[in-house]
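Undergrad: One structure, pasted below without further comment.
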Amino acid sequence: MTIRVLVNGAKGRMGSEAVKAVEADPELTLAGAADQGDDLPRAIAQAQAQVVVDFTTPQAAFPNAQAIVLAGARPVIGTTGFSEAEIARLEAMTAERGLGGVIAPNFAIGAVLMMRFAAEAARHLPHVEIIEIHHDHKADAPSGTAVKTAQLISQARGRAPAPKVNETELNPGARGTKDTGVPIHSVRLPGHVAHQMVVFGGTGESLTLRHDTIHRECFMPGVVLACKKVMTLDRLVYGLERLLF
Ligand code: NAP
């Protein structure tokens with residue numbers, strides 16, 4: 001028996017990759033594809049979908065997730081922009097029904113590993129800064145992945161090391177954004193996709209962790225994994241790391 005998957009946002013950049021990934025996996029069946037203007041509950045019923053992958057827009061993601069759960073299917077959501085309250089509501093809705101669900105703001109397995117390794121390294125090498133590089137169509141900075149990495153580093157290392165000198169930024173922002181205590185430097189350039197370096201400095205040594213997203217395909221092993229693991233869950237989980245570790 002294969003798992004019946006419907007992809008919502010199927011005509012988009014991520015959704016069209018998800019369609020190909022589901023079709024290519026022998027344990028999954030592409031039961032349906034929906035996009036802007038389609039009646040999602042009806043599409044789920046017609047497809048008899050057990051899992052719905054959603055890559056749409058931040059505005060549509062929460063209503064879509066509610067519709068998926070109310071239709072009795074399991075959401076696997078990559079669309080970004082959920083508030084904590086919305087995630088809590090979806091956790092409650094899925095737990096009431098005993099339905100699995102996954103929301104992952106980053107489905108790239110390598111990016112999740114980079115964050116985990118960065119947190120581990122920060123326990124031993126607390127001097128650390130982040131450089132993230134994205135294509136020049138990305139409007140927001142810093143990236144969500146960089147912020148999440150900085151938060152994990154902060155939690156893992158505790159107090160930030162005291163600076164050796166009193167720094168003066170001759171141009172504001174020259175030392176990056178430091179909301180979490182870990183400076184983040186954002187680069188936006190054509191010719192790049194999505195890249196992050198976490199640079200540690202120690203006594204006479206340095207360590208750099210680097211993750212490169214070369215193509216949107218990189219998110220698909222995580223999406224396929226989530227489509228399978230979600231069948232074994234009895235409530236919604238947030239973050240691909242919850243399925244990996
Ligand atoms: P995109 O190319 O614009 O695709 C979105 C698709 O969803 C479009 O076909 C759009 O149709 C459709 N759509 C919009 N509203 C809809 C609705 N209410 N119901 C059904 N379909 C709807 O965007 P994308 O690059 O694929 O990105 C989609 C989302 O994934 C974004 O939130 C992005 O940040 C996120 N993302 C997540 C990951 C991850 O690893 N989790 C990775 C990359 C991107 P129209 O064009 O007609 O509006």
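The values are calculated or read from the model by the stated rules, or taken from the named source; none is laboratory data. In this text the structure is predicted, and so the values were computed from the model without any measurement. Don't worry about glycine lacking a Cβ; one is built from the backbone with ideal geometry, like all the others, and counts go over all protein chains shown. Keep in mind that these areas ignore ligands, DNA and RNA; they rest on the heavy atoms of the full protein, side chains included. Shrake-Rupley method; radii C 1.70, N 1.55, O 1.52, S 1.80 Å.
Undergrad: Under the √(5λ) rule applied to the eigenvalues of the Cα gyration tensor, what semi-axes describe the equivalent ellipsoid of the range 87-132? Give them in Å, descending.
TA: Equivalent ellipsoid semi-axes, largest first: 33, 12, 10 Å.
Undergrad: Pairs of alpha-carbon atoms within less than 8 angstrom and 6+ residues apart define the contacts here; what relative contact order does the range 109-214 have, in percent?
TA: 40
Undergrad: Over the chain, what is the mean sequence separation of C-alpha contacts under 8 Å (at least six apart), divided by residue count, expressed as relative contact order in percent?
TA: Once divided by the residue count of the chain, the mean separation gives 22 percent.
Undergrad: Continuing with the same structure: Once you sort the root eigenvalues of the Cα gyration tensor of the range 176-223 as a ≥ b ≥ c, which label holds: rounded (a/c under 1.5), prolate (a/b larger than b/c) or oblate (the other case)?
TA: prolate
Undergrad: Enter the accessible area per residue of the chain (Å², integer; probe 1.4 Å; all protein chains in place). All intermediate terms of the calculation are to be shown ahead of the outcome.
TA: Working: 12910 Å² over 245 residues.
Value returned for the chain: 53 Å² of accessible area per residue.
Undergrad: If you don't mind, another one. Is the range 1-75 rounded, prolate or oblate when judged by the Cα gyration tensor, a ≥ b ≥ c being the square roots of its eigenvalues, rounded requiring a/c under 1.5 and prolate requiring a/b larger than b/c?
TA: Here the range 1-75 falls in the oblate category.
Undergrad: Sorted by average packing, counted as other Cβ atoms within 10 angstrom per residue and highest first, what order do 104-113, 203-212, 230-239 take?
TA: 104-113, 230-239, 203-212
Undergrad: Here is a further query. Please report, as a whole percent, how much of the solvent-accessible surface of the range 109-214 comes from carbon and sulfur atoms (probe radius 1.4 Å).
TA: 56
Undergrad: Using a/c under 1.5 as the rounded threshold, could you call the range 109-214 rounded, prolate or oblate? The axes a ≥ b ≥ c are square roots of the C-alpha gyration tensor eigenvalues, and prolate needs a/b larger than b/c, oblate otherwise. Before the final figure, lay out the partial values.
TA: Values: a/c = 1.85, a/b = 1.21, b/c = 1.53.
Because a/c hits 1.5 or more and a/b fails to exceed b/c, the range 109-214 counts as oblate.
Undergrad: Of ALA73, THR2, LEU236, whose Cα points farthest to the positive end of the dipole of the chain (charges on the beta-carbon: +1 Lys, Arg; -1 Asp, Glu; origin at the Cα centre)?
TA: LEU236
Undergrad: Also, quick follow-up: Could you give me D for the chain, from Stokes-Einstein at 10 °C and 1.306 mPa s, where the hydrodynamic radius is the Kirkwood radius over C-alpha pairs? Units µm² s⁻¹, please.
TA: Roughly 82 µm²/s, to the nearest whole number.
Undergrad: With a sphere of radius 14 Å drawn around the Cβ of MET14, what net charge do the other residues whose Cβ falls strictly inside it have (Lys, Arg +1; Asp, Glu -1)?
TA: So the surrounding residues net to 0.
Undergrad: Tell me which aspartates and glutamates have Cα within less than 20 Å of LYS11's Cα, excluding those fewer than 8 residues away on the same chain?
TA: Filter leaves GLU23, ASP25, ASP35, ASP38, ASP39, ASP54, GLU217.
Undergrad: Could you give the dipole magnitude of the range 69-212 about its Cα centre, charging the beta-carbon of Lys and Arg +1 and that of Asp and Glu -1, in debye to the nearest 20?
TA: In debye, rounded to 20, the range 69-212 gives about 240.
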